[in-house]
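The values are calculated or read from the model by the stated rules, or taken from the named source; none is laboratory data. Note that this is a predicted model, so its numbers are computed, not measured. Here the Cβ is made from the backbone with ideal geometry for all residues, glycine too, and neighbour counts use every protein chain on show.
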Ligand SMILES: Nc1ncnc2c1ncn2[C@@H]1O[C@H](COP(=O)(O)OP(=O)(O)O)[C@@H](O)[C@H]1O
Ligand SMILES: [Mg+2]
């Protein structure tokens with residue numbers, strides 16, 4: 001989902017960048033409050049985890065493979081603000097040092113994946129857990145649903161950006177259908193990987209799972 | 001080129017791409033100008049273009065959009081062999097591919113000619129929030145360490161006869177991912193303790209920043225400036 | 001006023017948040033300029049003890065004094081002062097070297113001490129010279145060999161000119177030459193040294209006094225020579241001299 005240069009016009013990209021900056025600024029404030037001076041080394045290492053985790057190829061079928069996006073996973077493991085920062089840094093480093101994603105599209109990508117994808121995934125996770133009354137399996141089911149939803153939601157966010165300032169002849173509704181459809185499939189993979197990984201961490205270091213210790217206070 | 005400060009380069013490339021993205025595709029000679037500028041920079045920077053090109057690709061879904069656009073109905077149509085293509089769609093597809101390719105070329109040169117260190121110093125210079133710069137610094141520092149661990153886990157898996165076969169092997173990968181998270185997190189905690197031991201209290205002594213002379217800025221500005229000239233020429237000559 | 005650094009620990013207990021009791025009543029006094037080896041099997045609590053000596057961990061009960069300061073987790077001033085007096089070289093140099101270049105890493109401590117730029121530069125250069133790493137000062141840590149990283153890790157602490165130097169398993173994973181070079185560096189320093197190690201010949205070479213920690217308690221405290229001669233004591237604590245090594 002790394003948008004390249006030229007797909008979305010500059011005014012829309014600039015608007016998304018402004019939104020992304022606001023989200024990142026807010027995350028900086030919240031993460032500092034939660035982690036204090038521990039924030040930098042910890043989130044730095046979480047970024048490494050996300051970046052390295054994205055490189056693991058999961059074989060699907062007939063030689064194809066997919067990989068984790070990691071937004072919802074990071075949010076469940078370390079909280080939405082630390083996760084947003086980690087994913088933003090990953091996207092920035094990918095764009096600037098690995099030529100992944102367009103320079104002018106960085107704001108769009110950060111907004112879709114690090115802010116909208118992470119926060120919506122996490123909100124759904126919280127909601128599911130609350131609905132299931134924090135039962136034993138609620139954490140895992142919440143992770144699955146949150147991770148699943150975060151992917152097509154990020155694709156939806158792209159479709160909206162396309163509708164506002166897309167360069168192309170496809171009708172926005174066509175783009176939306178195509179993006180949403182494919183990302184529903186990708187979301188299934190994301191959900192499975194996320195849930196299994198959260199389960200693996202729960203087995204050895206349950207104390208590290210942020211989402212386990214957080215109860216929804218119904219943030220308006 | 002290599003010794004331009006990170007942020008000067010970053011801003012120069014960003015400005016270049018903004019100009020590129022703003023140019024209507026119908027002024028095609030302008031794009032020839034852009035490509036020439038890229039080729040010039042590439043030559044000046046003596047980067048191994050081909051090896052770089054391998055890593056830099058446009059992601060699949062977007063490529064598909066661009067390729068399918070000529071087949072969307074509507075507007076004028078023209079025929080190439082058995083294909084009936086929409087003029088408008090073809091232009092739009094060409095627009096996407098051209099700009100994305102220029103963008104990839106741009107990012108490629110930026111990535112290959114910028115050390116992580118000068119990038120970090122550049123972040124500091126453009127007043128990026130300190131927490132953000134620190135996170136990036138830690139990420140760059142520990143990427144190799146964690147990557148090595150991942151390689152070792154892979155070797156350990158495979159030397160015990162593990163072969164990845166479709167989704168049934170996923171639990172093995174996810175337990176690796178889980179272990180990777182725990183190791184990364186614990187590493188973060190240990191690094192934090194090591195920092196505390198040496199008197200850390202939240203502020204990272206500013207990363208040594210490079211000196212930026214006016215010469216650097218002028219060099220950096222040349223890049224988008226040429227693009228701007230190309231843009232303006234195109235506007236005057238082809239409208 | 002002259003500060004007379006020494007370590008004084010009385011009845012130190014520590015349990016990790018998960019309930020694991022790592023230290024169970026440690027009493028220990030180390031005089032200024034003494035060189036002491038801290039021996040003991042894996043999991044004995046050596047690293048846990050070390051982390052108490054500059055206030056990274058706070059005792060569940062008991063008291064620790066460093067020089068004239070009694071550690072108190074709520075007193076930031078004292079903690080800061082103690083962290084300037086006590087330098088710890090951690091087990092894994094990758095934990096310790098977190099800055100983008102060797103020089104910046106070595107300068108990290110002095111910078112936090114609030115020294116002037118001239119002093120920071122001077123101390124960092126001096127520390128790197130001591131460990132023979134000055135020529136690599138602009139390298140990134142991950143471009144160094146393990147032995148080089150360990151040396152730089154020592155330099156990061158030396159640059160703070162601590163009165164008490166603590167090293168956690170400094171000879172592990174070092175090749176014989178690096179091991180010897182490190183011991184030469186340590187023997188040249190005029191500071192108090194507490195060295196955690198399993199490497200008994202190394203302890204013998206560097207430290208006149210040795211302690212054995214087992215299950216969170218000090219079970220032996222004597223001259224290194226007499227501890228290493230007591231083969232029953234060594235066996236009981238899962239320690240072994242290399243074959244053919246005799247004192
Ligand atoms: N962060 C931690 N949380 C819980 N227990 C720990 C932690 N670190 C160490 N321990 C436990 O405390 C005991 C002492 O560990 P440590 O001080 O690291 O031993 P040593 O350095 O002598 O090998 C061990 O049983 C170890 O498992
Ligand atoms: Mg230890």
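Listed here are the residues, each with its yes/no results for (1) away from ligand 1 (no atom under 16 Å from the Cβ); (2) in a helix (DSSP H, G or I); (3) more than 11 Å from every other protein chain (Cβ to nearest Cβ); (4) under 19 Å from residue C:191 (Cα atoms).
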| position | (1), (2), (3), (4) |
| --- | --- |
| C:124 | yes, yes, yes, yes |
| C:128 | yes, yes, yes, yes |
| C:135 | yes, yes, yes, no |
| C:147 | yes, yes, yes, no |
| C:155 | yes, yes, yes, yes |
| C:161 | yes, no, yes, yes |
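Restricted to the stretch C:43-67, and to residues there that are within 16 Å of ligand 2 (Cβ to nearest atom), touching a residue at least 60 places away in the same chain (Cβ under 8 Å) and more than 13 Å from the chain's Cα centre (by Cα), the residue that is nearest to residue C:13 (Cα to Cα) is C:45. The sole residue among C:24, C:42 that is within 16 Å of ligand 1 (Cβ to nearest atom), outside any strand (DSSP E or B) and more than 14 Å from chain B (Cβ to nearest Cβ) is C:42. If you go through the stretch A:89-115 and keep only what is in a helix (DSSP H, G or I), closer than 30 Å to residue B:171 by Cβ and touching a helix residue (DSSP H, G or I) at 6+ places or on another chain (Cβ under 6 Å), you end up with A:89, A:90, A:91, A:112, A:113, A:114.
Could you check the stretch C:219-238 and list, in sequence order, the residues that are surrounded by 18 or more Cβ atoms within 10 Å (Cβ to Cβ) and within 17 Å of residue C:194 (Cβ to Cβ)? C:220, C:224, C:227 - these are the residues of the stretch C:219-238 that are surrounded by 18 or more Cβ atoms within 10 Å (Cβ to Cβ) and within 17 Å of residue C:194 (Cβ to Cβ). Restricting attention to the stretch C:68-96 and to residues that are in a loop (DSSP other than H, G, I, E, B) and at the interface with another protein chain (Cβ under 10 Å from one of its Cβ atoms), the residue that is nearest to ligand 2 (Cβ to nearest atom) turns out to be C:91.
Only residues that are in contact (Cβ under 8 Å) with a residue 24 or more places away in the chain, at negative phi and surrounded by fewer than 24 Cβ atoms within 10 Å (Cβ to Cβ) were counted across the stretch C:129-141, and they come to 8.
A quick yes/no check of all residues on (1) within 16 Å of ligand 1 (Cβ to nearest atom); (2) closer than 25 Å to residue C:12 by Cβ; (3) crowded, with 21+ Cβ neighbours inside 10 Å:
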{"site": "C:118", "(1), (2), (3)": "no, no, no"}
{"site": "C:176", "(1), (2), (3)": "no, no, no"}
{"site": "C:180", "(1), (2), (3)": "no, no, no"}
{"site": "C:194", "(1), (2), (3)": "yes, yes, yes"}
{"site": "C:212", "(1), (2), (3)": "yes, yes, yes"}
{"site": "C:217", "(1), (2), (3)": "yes, yes, no"}
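For the stretch A:17-37, enumerate the residues that are modelled with pLDDT of 90 or more and within 8 Å of chain B (Cβ to nearest Cβ). Hits for the stretch A:17-37 are A:24, A:25, A:28, A:31, A:32. Say whether the condition of being in a loop (DSSP other than H, G, I, E, B), over 25 Å from residue C:148 (Cβ atoms) and within 16 Å of ligand 2 (Cβ to nearest atom) is met by at least one residue in the stretch C:215-227. Looking for residues that are in a loop (DSSP other than H, G, I, E, B), over 25 Å from residue C:148 (Cβ atoms) and within 16 Å of ligand 2 (Cβ to nearest atom), one finds at least one in the stretch C:215-227, hence yes. Output the residue which, of all residues in the stretch A:158-178 that are within 21 Å of the chain's Cα centre (by Cα) and more than 26 Å from residue B:23 (Cβ to Cβ), is modelled with the lowest pLDDT. The selected residue is A:178.
Count of the stretch C:189-214 residues, restricted to those that are touching a helix residue (DSSP H, G or I) at 6+ places or on another chain (Cβ under 6 Å) and part of a strand (DSSP E or B), is 3.
When A:194, A:182 are checked against the criterion of being within 9 Å of another protein chain (Cβ to nearest Cβ), surrounded by fewer than 18 Cβ atoms within 10 Å (Cβ to Cβ), in a helix (DSSP H, G or I) and in contact with a helix residue (DSSP H, G or I) (Cβ under 8 Å, 6 or more places away or on another chain), A:182 stands alone in meeting it. Listed by first and then second residue, the pairs with beta-carbon distance under 8 Å, at least 6 apart or on different chains, first residue in the stretch C:229-247 and at positive phi, second assigned to a loop (DSSP other than H, G, I, E, B) and surrounded by 12 or more Cβ atoms within 10 Å (Cβ to Cβ), are C:238/C:41.
Counting only residues that are over 26 Å from residue C:190 (Cα atoms) and away from ligand 1 (no atom under 16 Å from the Cβ), the stretch C:45-76 holds 7 of them.
Condition (residue is within 28 Å of residue A:31 (Cβ to Cβ), more than 7 Å from chain A (Cβ to nearest Cβ) and in a helix (DSSP H, G or I)) applied to the stretch B:168-175: is it met by at least one residue? No: the stretch B:168-175 contains no residue that is within 28 Å of residue A:31 (Cβ to Cβ), more than 7 Å from chain A (Cβ to nearest Cβ) and in a helix (DSSP H, G or I).
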